[in-house]
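The values are calculated or read from the model by the stated rules, or taken from the named source; none is laboratory data. In this text, all values refer to a predicted model and were calculated from it rather than measured experimentally. Quick reminder, even Gly has a Cβ in these numbers, built from the backbone with ideal geometry, and neighbours come from all protein chains shown.
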Amino acid sequence: MRTRFLAALAVSAVAAAICGAPQPKQYPDVFAKPPSAALKSLKATVGKPFSAGYVFIEGKYMPPPYKVERWGTAIRINGVQVTPEVVPWEEFIKTQKGVTVTRNESAAPVADFASEPEPEPEEEEDFDDSESTLDDLFDDDPQPKKKTVKKRKPYRPKPRKPEVTVSYAFDGEFVHNEKTRSYVERINKQRTNIDSRLRSGGYYCFGSRYRMATGDAKIAAQLMSKLPDIMKRNPDRDSFEAAMSAAGFNYLPRSLLADFFKNRIDYLQLEHRRKTENDQKQWSSILGGTL
């Protein structure tokens with residue numbers, strides 16, 4: 001009885017995930033959040049939801065609908081931050097009147113002896129060579145030969161400079177100016193680019209160990225036609241990476257492939273979405289494109 005209950009529970013969880021039911025938090029906070037002052041001063045720009053495109057965060061598939069927003073100085077999708085600060089809040093502060101600059105100098109870090117030592121100058125030492133050639137046997141005044149051997153000096157780590165950090169602060173209310181408006185425009189442009197590509201059927205892969213990977217609708221269709229099957233049929237990482245390479249996706253970062261492999265159970269959701277979209281296309285063609 002217990003076994004049947006657990007099996008039913010597992011099936012229900014998979015079905016809920018496929019159907020888009022609310023799930024526990026699945027996407028880690030991998031980017032530093034914008035400061036509260038940035039959120040207060042710059043607010044957010046919220047996009048309208050849509051159901052096209054594909055989003056992966058740390059290799060984890062995020063099902064649609066998607067809502068792309070500028071969140072202060074960063075970008076979020078469905079409430080999950082997917083970029084670091086596009087323009088650091090510090091750059092906004094620098095434009096304000098009455099800004100104060102503070103320089104903090106910390107002690108020099110301790111040298112890391114475990115790291116690869118830098119090459120040191122070497123001393124030369126002479127010694128006699130006991131071996132002789134045939135010519136030396138008939139030499140009237142043979143001279144002992146000498147070889148030069150390089151003697152390495154002991155490694156001495158180079159002294160490191162103190163670390164200097166600079167911070168900016170100002171008192172008073174944040175006031176927009178030409179420079180800050182250009183910064184906001186830059187962040188909004190990135191939000192718009194992500195929104196537009198997803199709406200047209202493209203894909204985005206966001207991660208902390210690689211730059212965002214993206215492709216248009218054609219590349220997304222190629223990737224999604226192969227990825228679910230590769231996730232399903234390759235239970236070890238080496239075979240998974242080999243299959244991705246053989247399918248023509250060797251341009252993707254290895255760290256991204258590692259994230260895909262770690263989340264390969266997502267093939268269930270990807271297969272379900274692919275089947276649903278194919279069914280919709282067939283019905284649409286039958287009904288003359290009314291769907």
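Quick notes
- Sole exception among (1) in a loop (DSSP other than H, G, I, E, B); (2) at pLDDT 70 or above; (3) farther than 30 Å from residue 213 by Cβ for residue 83, by number: (3)
- The lone exception for residue 66 - which of (1) within 19 Å of residue 87 (Cβ to Cβ); (2) crowded, with 16+ Cβ neighbours inside 10 Å; (3) not acidic (Asp, Glu) it fails: (1)
- For residue 167, the test of being in a helix (DSSP H, G or I), surrounded by fewer than 17 Cβ atoms within 10 Å (Cβ to Cβ) and not basic (Lys, Arg) is failed.
- Any hit, the range 266-288, residues being buried (at least 17 other Cβ atoms within 10 Å of the Cβ), without any contact (Cβ under 8 Å) to a residue 24 or more places away in the chain and under 21 Å from the mean Cα position of the chain (by Cα): no
- Residues that are out of contact with any helix residue (DSSP H, G or I) (no Cβ under 9 Å at 6 or more places or on another chain) and touching a residue at least 24 places away in the same chain (Cβ under 8 Å), drawn from the range 221-252: 222, 223
- Meeting the requirement of 2 or more residues that are of a type in the set (S, T, N, Q), under 25 Å from residue 68 (Cβ atoms) and at pLDDT below 95, the helices (runs of 4 or more DSSP H) wholly within the range 204-291 are 267-286.
- Subset tally (residues that are closer than 21 Å to residue 201 by Cα, loosely packed, with under 14 Cβ neighbours inside 10 Å and under 20 Å from the mean Cα position of the chain (by Cα)) for the range 224-253: 1
- Residue that is nearest to residue 92 (Cα to Cα), among those in the range 193-209 that are surrounded by 15 or more Cβ atoms within 10 Å (Cβ to Cβ) and hydroxyl-bearing (Ser, Thr, Tyr): 204
- Which numbered condition residue 259 misses (of (1) touching a residue at least 60 places away in the same chain (Cβ under 8 Å); (2) touching a helix residue (DSSP H, G or I) at 6+ places or on another chain (Cβ under 9 Å)): (2)
- Only one of 61, 27 that is in contact with a helix residue (DSSP H, G or I) (Cβ under 9 Å, 6 or more places away or on another chain), of a type in the set (Phe, Trp, Tyr) and on the phi < 0 side of the Ramachandran plot: 61
- Taken as a whole, the condition of being modelled with pLDDT under 95, more than 21 Å from the chain's Cα centre (by Cα) and buried (at least 17 other Cβ atoms within 10 Å of the Cβ) does not apply to residue 98.
- Listed by position, the strands (runs of 3 or more DSSP E) inside the range 16-76 whose residues that are within 29 Å of residue 253 (Cα to Cα), at pLDDT 95 or above and of a type outside the set (S, T, N, Q) number at least 1 are 54-57, 60-62, 68-71.
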